[in-house]
Amino acid sequence: GAVVSQHPSWVICKSGTSVKIECRSLDFQATTMFWYRQFPKQSLMLMATSNEGSKATYEQGVEKDKFLINHASLTLSTLTVTSAHPEDSSFYICSAREWTVADEQYFGPGTRLTVT
Amino acid sequence: SQQGEEDPQALSIQEGENATMNCSYKTSINNLQWYRQNSGRGLVHLILIRSNEREKHSGRLRVTLDTSKKSSSLLITASRAADTASYFCATAPREKDKIIFGKGTRLHILP
C-alpha cells in the first residue's frame, strides 16, 4: 500500500530557532500534499495544501511567513517552522494524495515538535 | 475550520459491546472517511464512503451515510481493548481540494 514517511518523528528546539519537517511519499508520486497541526486531545487542523511545483495554499489564520512549505518534487514536501515559539509546540502530520487516486490521502506518522 | 462534529465526544463501553459514533457535517460532500488514531500516533484510515453510497462494511466496521441529513455513523461490533482510540470523521467537500476533520470521539473499551 501507499506509504508516507515523516522525518524527524520528534524534535525539540529552542525558542527563536527554525525547524524543518520532511514528508515523503515512498512508493507513489504525490501531486498534492497536505499539512495538518494537532494540539493535545484535539482534532487535526488543516494548515496548507501544496501542489508540486507551485506555491502552497494556506488556510485562513495560518501565517505563511512562519510556516514555509516547499513541494519541490513529486515525493517530497517540507514544512519549516521559522522563529519557533513554545505555542508552536504541536503534532504536525502530513498527508499525500496520489494523482491517480483522487479520493484518498495517505497520512504520515506525524512529527512531534516541542519548543522550549 | 472544522466541517464535521462527532457525537459523542467520549464513549466508554465494556469489551464485547458494540460502539456507535456519529458524525454530522454542514456542506455537500464527495465522500466521507473515518480514521482511527491511537494516543500520540498517526492516523489509520478505516473506511471511505462516497456520496452515492449508503452503507459500507469492513470487518467489524459498518459505516452509514445519510446525505439528506448530512450525517454518518460508524459502528464497531464486538469491541476489543485494542479498539481504544480516538475516531475521526473527515469530509471531502464538493469543489474543494481538501478534507476536513471533525473533532473526534474518544473511545475507551473497558476490560
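The set of residues from region B:59-111 being open to solvent by 80 Å² or more (accessible area, probe 1.4 Å) and either in a strand (DSSP E or B) or within 12 Å of chain A (Cβ to nearest Cβ) (or both) comprises B:62, B:96, B:103, B:106, B:108. One residue stands out among those in region A:50-86 that are within 13 Å of another protein chain (Cβ to nearest Cβ), open to solvent by 40 Å² or more (accessible area, probe 1.4 Å) and touching a Ser or Thr at 6+ places or on another chain (Cβ under 6 Å): the one that is nearest to residue A:31 (Cα to Cα), which is A:51. The C-beta contact set for region B:31-58 (first residue farther than 18 Å from residue B:104 by Cα and at the interface with chain A (Cβ under 8 Å from one of its Cβ atoms), second residue open to solvent by 10 Å² or more (accessible area, probe 1.4 Å) and assigned to a loop (DSSP other than H, G, I, E, B), distance under 8 angstrom, 6+ apart or interchain) comprises B:50/A:103. Scanning region B:3-30 for residues that are within 16 Å of residue B:93 (Cβ to Cβ), open to solvent by 50 Å² or more (accessible area, probe 1.4 Å) and either touching a Leu at 6+ places or on another chain (Cβ under 6 Å) or within 11 Å of chain A (Cβ to nearest Cβ) (or both) returns B:5, B:30. With respect to (1) within 13 Å of another protein chain (Cβ to nearest Cβ); (2) surrounded by 16 or more Cβ atoms within 10 Å (Cβ to Cβ); (3) free of Cβ contacts under 8 Å to residues at least 40 places away in the same chain, the lone exception for residue A:105 is condition (3). Being in contact with a strand residue (DSSP E or B) (Cβ under 6 Å, 6 or more places away or on another chain), surrounded by 14 or more Cβ atoms within 10 Å (Cβ to Cβ), under 22 Å from residue A:112 (Cβ atoms) and more than 14 Å from every other protein chain (Cβ to nearest Cβ) is the requirement here; does residue A:22 meet it? In short, yes.
Filtering B:18, B:30, B:52, B:22 for residues that are among the polar types (S, T, N, Q) and within 10 Å of the chain's Cα centre (by Cα) leaves a single hit, B:22. Within region B:36-58, being buried (at least 18 other Cβ atoms within 10 Å of the Cβ) and more than 17 Å from residue B:92 (Cβ to Cβ) holds for B:36, B:37, B:42. Checking each residue in region B:12-45 for being modelled with pLDDT of 95 or more and farther than 15 Å from residue A:43 by Cβ picks out B:12, B:13, B:14, B:15, B:16, B:17, B:18, B:19, B:20, B:22. Here is the figure for region A:25-49: residues that are in contact (Cβ under 8 Å) with a residue 60 or more places away in the chain, open to solvent by 50 Å² or more (accessible area, probe 1.4 Å) and assigned to a strand (DSSP E or B) total 0.
The values are calculated or read from the model by the stated rules, or taken from the named source; none is laboratory data. Worth saying up front: this structure is predicted, and the values here are computed from it rather than measured. Cβ sites come from the backbone with ideal geometry, for glycine too, and all protein chains shown count toward neighbours. Note: areas computed on protein heavy atoms with side chains; ligands, DNA, RNA excluded. Shrake-Rupley method; radii C 1.70, N 1.55, O 1.52, S 1.80 Å.
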